[in-house]
Every structure is written in C-alpha cells, then in structure tokens.
Amino acid sequence: MAAGGRRALSRRTLLVGAGAAALVAAGTVSWPAGATGAPGPAELLARIRASASQPYSGLAEASGRLGLPDLPQLEQATALFTGTTRIRAFHAGPDRWRVDELTAAGERDVYQLDGVESLWDFGSQRLTRIVGTTSLRLPRAGDLLPPDLARRILSAAPDDPITALPDRRVAGRAAAGVRLTPADPDTTVAHVDVWADAPSGLPLRVEISGRADPGRPVLISELTSVDLTAPPDDVLVPVVPPGATATEVAATDLTGALRVLGPAAPPGRLAGRGRLPRFPDLPGIGVYGSGLGGFVLVPLTGRIAGQAVDGATGAGGVPVTVTNGRAVGVSTPLLSVVIRAGGRRGALLVGTVSPSVLAQAAGELSGQAP
Amino acid sequence: MIGTELVLMLRRRRVWLCWALLCLLPTVVAVLLATTRLAPPPGRGGAFLSAVLSDGQLFPAAALALVLPVFLPITVAIVSGDAVAGEAAAGTLRYLLVRPVGRFRLLFAKLVSVAAFTLLAVLLVTVTSYVVGVIAFGFGPGAELGGGGIASLSGATLTPLQLAGRTAGTVGYLALCMLTLGAVGILFSTLTDSPLAAALGVLAVVVTSAALQPLDAAEAVRTFLPTQHWLAWIDLFRDPPLLDAVRTGIEVQLGWILVAFGAAWANFTTKDVTS
C-alpha cells in the first residue's frame, strides 16, 4: 500500500512538474521571426529614415545602464538612462502625437498637436501649455521610443558602415535588423542595433552597446506591443479634468541665461574635431565631431564649475591635468564627462568619446582661458 | 462540501478580524490625511495617495495600494495556511476524510473558500475606503459639475460608470493575485501539520519574490515572480486603459494557481493522514 502510494505520488508529482515546465516554456520560448521580406540594410535604412510619418500606437520599455551619477535638479532626466522606463505612444504624424511616461504613482504625458506642446502631470494635477520653442531641452521619455531613438542615431551617423542583422520577433512582428558600427576610433559606442518592421520601416527595437563591453547593451529600448494604424483623434487632445489647473509657460529660454554668463565664443576646433553649426542661437555652446563620436561644450560660471569639480572629485572622478585651473573627468560605459574650473568661467564637456579626447579638449580650453 | 467550507470560513472569528484590520489601516490613513491635509508630494508615497485630498472617490485605489504589499498577503497567508494544516493540528482531518468525499473535492472546496475570502477582503477594503474617502475628502470638483467622475492618470475624466467598471476590474485582478498566495498556502498546508509554518512559508514566497524583483541578475525569471504584476491594475486607471500588463499578470497568476494547487493535489491525495 505504501509502495503503491509512493508510485502514485511520483506519477502525480511528475505530472504537475511537467505542467509547470510546460507553462514556463510557453512563457519563455522565442518564436521564430518568420519571413520579413528584408530589403537589405541600405534599403531598410532608407525606410527607417522615412518612417517619421508612419502612424502607430504602442507600448515601449527602455532600460538603461549608463551608470550616471545623481545630478541635482536633473534626477528625472538621468533616471531615463539608469533605470527602466515604461512609455506609451500615440503617433498620428510628426506634428500630431502623444507620449506618456507611465509610472507606478501616475503619469507624465507630452502632447504635440498642430505645433502646440502641452504637458500633463497627474501628480501635480496640472496641464501646462508650452508657448514657443527651444532648440535645446533636457532628455525626456519620448526620446527613448525606438522610432525616435533609432532615427536620431541613424541620422547623426549617415556615413558610418551598416551591416544586416538576423531577423527577430519584436512586439509580435517579424523585424529586420541592421547594425551601425561607428568608424570613429575614439567613440565610446561599439555598435547600434536596430530592428524595424520591414514594410513600414518603423523601428521596433534599439540596442546601444559600448566599447567597454560590446556584448552587453547599455541601453535597450523596445516596443512590446504596437499597432500600425492611426490612433483615434480624441486621445491626442489634452483635456483639463475637474479640479486640475491649466497653466501656460514660455519655452525655457536658455539664450538669455547663457548671455548672462558672457561666455567666450566656442573655438572652431577642439581635440582635432571641427565645430558643427548646431545651436547658433545659444552663445558659448559648441558641438564638435560628427557621427557617434561627438561632444558638446557647455559654458558654466566659475562658481558652478568649482562646485561641480568638487562634487565629481568626491564621487570618484579622475583629475585631469590642465595648465590653467583644475579639471576632473567622469566616464560611464557610454558617456564621458570632463568639468573644468578656473577663474570666472568654467566649462562642461560631455559626449560619446573616450575620456582622453575630452581631457585634450579641456587642456586646449585651459590654454585659451583668460 | 463547498457550501460547508464557505459557512465554516464565515463563522471563523479570525477571518472577520483579518477583514476588520484590513479595513482599519486605510481608515486610519484617511483620518490622518483629512485632519492634517498633508498628502505625500506628487510622485512620492503610495499610488493615488497624493491626489485623494482633492477627490475622495480616488481613495479606494489608494487604499488597495496601501494594503497590497504587506497586509493583504499576511491575511491570505493566515487563512490559506490554516486550510488543511488547521484541520490536522486540531485532529479533525482524519474524521473529515472518513466522509464519502474525495480528497480532491475537499481540497477544491478549500481553494474556493480561500478565493471567497480574498475576493471579500479586496471588496470590503474597496467599499469601506470609498465610504471613508467620500466622507473624509468629499466627491471632488467633478460633483459640482454634475459629473462626479475622477481624473484618470492620463487626465481624461472617468465617468462614475467607468470608475465603477475599472474599480470592479481592479477588485477582480487583486483577488486573483491574492488567490495565487492562497493556492501556495494550501500547498504548504498539505505539507505540514502546523498552520503557522504554512503561513510563514507563504510570506517567505512573497519576500523572496519581492527581493528578486529589482535584481538585474533575476531578469530571466522576473516575469514569473508572483509579486511582479501586483501593481499592473494601476494601468486600468489610465486613458485609454492599458491592458497589456494586466493580461500578462492574469496569465502568470493563473499559472501559479494551477501549479500550486496541482502540487497540493499531488501531495494531499497520496498523503498518509494520521492526525
């Protein structure tokens, strides 16, 4: 009887174990990509670049491991690159879209409707209409959506070599892949992989890998579900619910703030890289280098630069030798930062280049300092 | 058999005590918020808590978010851990099995009883917190406009009917999530004669799952963790409602219930019952 009981126990336990294994397998199995009718990397790239008008609605998840330090007042922006962000997008066209950053405590939404931008924040129960535009702003969740991220990266590096990647299944669709490998030897980016819906060219997944560990992407953004039809009009119109407030603010004007600093004109060349004609309306700001091996020069006041140098040194930054003043560098798997302080002015150099390039740039700036 | 188990469950004082304590915590929070008018700043504190001062109809959602992480699992662990082990500890299990009722039917009746407990627990918290919320914070500005609806997380106004529908969905979803713990509790309850050990086993599962959740190294198993999907119901209060995470959550919870109840069945139907 006891032996029979043990046999029965064994059979039933095995049955339950097999059922559990089947359930886990059903949840983890990778379905074959299926036929994408992949058009070849060059044609796929052209379709991706032309996909801005492709309507879609979808849910995305972006995870970053950039290891950025917490920066005062900038926690929301840095969190995008150091954690996981859930994003919902309703995209009817380049000037009619809505992007929601979904959190466990609420939602922060950006609406773009016929040239007018509005922000909804559930936490503060406020709808803010932005008047005017600005050429420079902090990163936000919508920048990490695979379509926007892929198009921005691919348009920044039009001459870097591309190769085809094996197809994979993304958001229930067969997606064709393309890899962009930056030619610049000084960039921190090893490669950028993009998988897109082949017929429409809509990017569905983006992986950015750093040179420090090319096998492990530091930023992954993927649409987990997508519908390629236009979203209904009513979801694109921001509303003010009862009890909430509606305000109107001017777009952040950095030009005035920068003029107060009285920054020197950025040099035409730094660390062997020419200055690009970007942000001409923002005094003192210079963008250097093309493709994915570039960096930005941001002028700082002497006091802020001094505080930033002290803060970065305390956070484990590496001292950088400069002839005039002092400087410190911080490097992450993808972004390098050098802050220089000395006298009335300082500078922040940040970019996807090796720390040595920024150290060279800081040295050249310190040589020109008054 | 099921009816007998349900009546037994409703007659137990500890069950009513669990429900009372579950309803007490949100009530205390509502009283404190109403008297101090100090809600957590936006983005901090439990979900919806920062918004309840302006509309009491949001309080059921805030109350569910308050009891979900600890109190609800503890009560489910106590009741489900007692399901079989309680009979064994009291020496009534062997007499129960003498009746012409199969062990599977007995176990299934226990599961139904635990399911009724979890559903009633979530429902009672929702109803009492709605009443308490409206008394403490009022109907909000929507009532003056004749609507009585609330702002969804996305800003669009939810009508009272939509609010009722989404709250009902939340109650059902959370009852299912708790039933997962109930099924695990019944499994542990068949493995030991101690109701306390079975309840602690359930809490160990909850703590382990919650500890693994934020670990990057646990990414491969994260989607199978029972606690991973507990907050997915918040997506029901967005506009349009977002069902992806809720759907995944339902699938994972059903999988856990199936496996845990199956394992309980495999163990209990072949177990030598001596107490």
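Any read-out appearing in this document is the output of simple, stated calculations on the displayed coordinates, not a laboratory observation. All values derive from a computational prediction rather than experimental measurement. As a convention, Cβ positions derive from the backbone with ideal geometry for all residues, glycine included, and neighbour counts pool all protein chains shown.
Would you compute the Debye intensity of the protein assembly as shown from its alpha-carbon atoms alone, equal scatterers and no solvent, and pass along log10 I(q)/I(0) at q = 0.07, 0.11, 0.12 Å⁻¹ to two decimals? So the normalised log intensities work out to -0.58, -1.17, -1.28. Computed over chain B, relative contact order equals 25 percent, with contacts defined as Cα pairs under 8 Å that lie 6+ residues apart.
So for B:111, A:282, fewest C-beta neighbours within 10 Å to most, what's the order?
Details: B:111 24, A:282 21.
Neighbour counts put them in this order, fewest first: A:282, B:111.
Just grab the label-to-label distance for residue A:104 and residue B:13, each label 7 Å out from Cα along the Cβ direction, in nm (one decimal). Those two pseudo-labels are separated by 3.7 nm. With a Förster radius of 22 Å applied to the beta-carbon distance between residue B:218 and residue B:197, the computed FRET efficiency rounds to 0.25.
To the nearest 20 debye, what is the magnitude of the charge dipole of the protein assembly as shown about its Cα centre, counting +1 on the Cβ of each Lys and Arg and -1 on the Cβ of each Asp and Glu?
Details: 51 positive and 45 negative charges, 306 e Å.
For this selection, approximately 1480 debye.
Counting Cβ atoms of other protein chains within 10 Å of each Cβ in A:13-23 and taking the mean gives 4. If one takes the longest principal axis of the Cα atoms in chain A, at what angle in degrees, from 0 to 90 and to the nearest 10, does the Cα axis of helix A:355-368 lie? Helix A:355-368 sits at roughly 20 degrees to that axis.
The calculated FRET efficiency for residue B:251 paired with residue A:233, based on their beta-carbon distance and R0 = 41 Å, is about 0.80. Per residue of peptide B:233-243, the mean number of Cβ atoms on other chains within 10 Å of the residue Cβ is 4.
Peptides A:78-84, A:171-177, B:79-85 ordered by packing proxy, namely the average of other Cβ atoms within 10 Å per residue, highest first: B:79-85, A:171-177, A:78-84. Rank A:54, A:79, A:230 by how far each Cα sits towards the positive end of the charge dipole of chain A (+1 on Lys, Arg Cβ; -1 on Asp, Glu Cβ) and give me just the farthest. Checked the options; the winner is A:79. What separates the Cα centres of region B:108-128 and region B:56-97 is a distance of 9 Å. Counting Lys and Arg as +1 and Asp and Glu as -1 over every other residue whose Cβ lies under 14 Å from the Cβ of residue A:323, the net charge comes to +1.
How much length would be gained if the chain were fully extended between residue B:123 and residue B:37, taking 0.36 nm per residue of separation minus their Cα-Cα distance, in nm to one decimal? Mind dumping the intermediate values first?
Working: separation 86, 0.36 × 86 = 30.96 nm, distance 2.66 nm.
Gain on extension, residue B:123 to residue B:37, equals 28.3 nm.
Listed values for region A:141-152 are Karplus-derived 3J(HN,Hα) couplings in whole Hz (6.51 cos²θ - 1.76 cosθ + 1.60, θ = phi - 60°), namely 3, x, 5, 8, 4, x, x, 5, 4, 5, 5, 5, and x replaces Gly and Pro. For helix B:2-11, what angle does its Cα long axis make with the longest principal axis of chain B, in degrees from 0 to 90 and rounded to 10? Compared with the principal axis, the helix lies near 60 degrees. The distance between label points at residue A:245 and residue B:98 comes to 7.3 nm (points 7 Å beyond Cα on the Cα→Cβ vector).
Annotation: the residues A:340, B:99, sorted from fewest to most other C-beta atoms within 10 Å of their own C-beta, follow the order B:99, A:340. Considering only B:89, B:116, B:217, the residue lying farthest towards the positive end of the dipole of chain B is B:89, judged by Cα position with unit charges set on Cβ. Each label point was placed 7 Å from the Cα along the Cα-to-Cβ direction; for residue A:212 and residue A:79 their separation is 2.3 nm. Of interest is the spacing of the C-alpha centroids, which for region B:152-202 and region A:131-204 amounts to 40 Å.
The C-alpha atoms of chain B define a longest principal axis, and helix B:244-268 lies at about 20 degrees to it.
For residue A:43 and residue B:89, what does the FRET efficiency come to when R0 = 60 Å and r is the distance between their Cβ atoms, rounded to the nearest 0.05?
Numbers: r = 71 Å, r/R0 = 1.19.
Efficiency, from the Cβ-Cβ distance: 0.25.
Per residue of peptide A:103-113, the mean number of Cβ atoms on other chains within 10 Å of the residue Cβ is 5. Annotation: the residues B:1, B:178, B:9, sorted from fewest to most other C-beta atoms within 10 Å of their own C-beta, follow the order B:1, B:9, B:178. A Cβ-based charge dipole, computed about the Cα centre of chain B with Lys and Arg at +1 and Asp and Glu at -1, lands at about 700 debye. Projecting the Cα positions of A:104, B:197, A:288 onto the charge dipole of the protein assembly as shown (unit charges on Cβ atoms of Lys, Arg, Asp and Glu, taken about the Cα centre) puts B:197 furthest along the positive direction.
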